[in-house]
Amino acid sequence: MKILEMHVTPIALTDPPLLNSVGLHQPYALRTIVELVTDDGISGLGEIPGSAKITALLEAAKEFVIGKDPFQLNALYAALDSQFRSADKDFRGTNPWDQRLFVHLFSALEVACYDIMGKSLGRPVVDLLGGVFRERVPFAAYLFYKYKGAGGELGFEIDPTATGWAAARQAEAVTPEQLVAQAKAMCEEYGFRSLKLKAGALEPDIEVATMFALREAFGPDTPLRIDPNAVWSLETAIRCGEKMRGILEYYEDPVRGQDNMAKLKKAVDIPLATNMCTTSFGDLPNSIAVHSEDIILADHHYWGGLRACQELAAICRTFGRGLSMHSNSHVGISLTAMVHLAAATPHLTYDLDTHYPWQPEEILVGGKIQFEDGTLRVPHEPGLGIELDRAMLAKLHANYIACGITERDDAGEMRKLKPEWKSELTRW
Ligand code: GKR
Ligand code: MG
């Protein structure tokens, strides 16, 4: 079997004005869809964060992908590694999201190859990753402070006819009370059982008060997490950690870097989690040595694919670290790949993150994937078990062309409202 065609389609998804430590979400979030087609007409799908840089890299990779056997992932990796790895310099960057390109590139192609392998064998991807360990994969509610607005064409406007979660997604949330309302609406719609607050956006005391308001509203049996994306000083993280000690399931990246995380760990008795300080295999030896976190939030887009995340799971199990999954704005190809991976990975110890509720669009036949009690069932159909809605893909590609955004820039978006605003590595 050979790959004959590779199609790369950047898309732009409606994204509301969500706040984080580095500014404000732009009205559109970028993703890139990759489709591989084999000589026997089987097609496979992959999805990764979008940017002009990743589109260019994928285009440059085409000549090394076409002609390869989708079952020979090691050969594909070797061919791409020798051409593109050095260009990347493993630079993760200081933003909450990972800016390395090579891991994204390989992740998109690996997932598409797994989709092809599954379809050609008549088996779901989960079966190629070791088989079903759990039928249903649990996710957490991902809560954001936000300005009023639907994002996309509406920007800071809202659709007054929206109801339920569609209305709550557009509502302002800058106080603990508004955040609780957002959490209730999201949980009502999706059935999530754990809550994660994206913090680092407002004064730490307001964010701590929000955690207590969530605890009050949801009770002690709902696990709570807070993620300031590394903009708290060690002193602030210790002070806030001491306050929240009894109510947190885990404390995600309150401070920057493994050494600060290790110091925090010694000072407060709360499990620490990360998708910022330990983000590659190269980071693992020091993570283990200094014990910078208890839980690693894997992400197949950032760790270089599904198999890489299973290798990470084995390392976490060996060294007594927990494992969960990180997320960024995405549609159903990424979500479904996460579900196959999670279903096949026994050592996955927490409900997964997903931004999925924040995006109204879907590019799969059947529309938005439906959650049941905060979980998704692993598909049993061949491959990923999904089908591309080509009309929606074309529409969201047209959004990409029209919106003019080619790189995520939350700080720039915030400066449109507050010209003096600037990113800081440690803000509080
Ligand atoms: O989308 O604002 C955001 C998040 O902050 C995202 O970029 C992070 O990568 O979800 C993230 C996290 O740090 O957990
Ligand atoms: Mg995080």
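Look through segment 197-214, keep the residues that are open to solvent by less than 20 Å² (accessible area, probe 1.4 Å), under 22 Å from Leu234 (Cβ atoms) and not polar (S, T, N, Q), and return whichever of them is nearest to ligand 1 (Cβ to nearest atom).
Lys198
Does any residue of segment 89-108 turn out to be outside any helix (DSSP H, G or I), surrounded by 17 or more Cβ atoms within 10 Å (Cβ to Cβ) and modelled with pLDDT of 95 or more?
Scanning segment 89-108 turns up no residue that is outside any helix (DSSP H, G or I), surrounded by 17 or more Cβ atoms within 10 Å (Cβ to Cβ) and modelled with pLDDT of 95 or more.
So which of Val339, Val365 is surrounded by fewer than 23 Cβ atoms within 10 Å (Cβ to Cβ) and in the same structural domain as Arg193 (by TED's automatic domain parsing)?
Within the list Val339, Val365, the selection yields Val365.
Within segment 309-335, work out how many residues are open to solvent by 10 Å² or more (accessible area, probe 1.4 Å) and assigned to a helix (DSSP H, G or I).
Going through segment 309-335 one residue at a time, the tally reaches 6.
Mind listing whichever residues of segment 155-172 are open to solvent by 70 Å² or more (accessible area, probe 1.4 Å) and not β-branched (Val, Ile, Thr)?
If the condition is that a residue be open to solvent by 70 Å² or more (accessible area, probe 1.4 Å) and not β-branched (Val, Ile, Thr), then Phe156, Glu157, Pro160, Glu172 are the ones that fit.
Which of the residues that make up segment 246-261 are open to solvent by 10 Å² or more (accessible area, probe 1.4 Å) and modelled with pLDDT of 95 or more?
Scanning segment 246-261 gives Ile247, Leu248, Glu249, Arg256, Gly257, Gln258, Asp259, Asn260.
Only residues that are among the charged types (D, E, K, R) and buried (at least 19 other Cβ atoms within 10 Å of the Cβ): list them for segment 109-126, please.
Glu110, Asp115, Lys119, listed by residue number.
Here are Leu376, Leu417: which of them is closer than 20 Å to Gly151 by Cβ and either open to solvent by 70 Å² or more (accessible area, probe 1.4 Å) or in contact with a helix residue (DSSP H, G or I) (Cβ under 9 Å, 6 or more places away or on another chain) (or both)? Please lay out each step first, then the result.
Working: Leu376 fails: closer than 20 Å to Gly151 by Cβ.
After ruling out the rest, the residue left standing is Leu417.
Could you say whether any residue in segment 123-139 is touching a residue at least 60 places away in the same chain (Cβ under 8 Å) and within 16 Å of ligand 1 (Cβ to nearest atom)?
yes
Within the set of pairs 6+ apart or on separate chains, which have a first residue in segment 225-245 that is more than 13 Å from Val208 (Cβ to Cβ) and away from ligand 2 (no atom under 16 Å from the Cβ), a second that is open to solvent by 10 Å² or more (accessible area, probe 1.4 Å) and assigned to a loop (DSSP other than H, G, I, E, B), and C-beta atoms under 7 Å apart?
That search, which allows pairs on different chains as well, returns Ser233/Thr426; Ser233/Trp428.
Being open to solvent by 20 Å² or more (accessible area, probe 1.4 Å) and either within 16 Å of ligand 2 (Cβ to nearest atom) or charged (D, E, K, R) (or both) is the filter here; which residues of segment 215-224 pass it?
Correct list: Arg215, Glu216, Asp221, Pro223.
Among the residues of segment 246-266, how many are more than 16 Å from ligand 2 (Cβ to nearest atom) and within 14 Å of Asp227 (Cβ to Cβ)?
Looking only at that region, the number is 0.
The values are calculated or read from the model by the stated rules, or taken from the named source; none is laboratory data. Keep in mind that this is a model prediction, so the values were computed, not measured. Glycine also receives a Cβ, built like all others from the backbone with ideal geometry; neighbour counts cover every protein chain displayed. Only protein heavy atoms, including side chains, enter the accessible area calculation; ligands, DNA and RNA are left aside. Shrake-Rupley method; radii C 1.70, N 1.55, O 1.52, S 1.80 Å.
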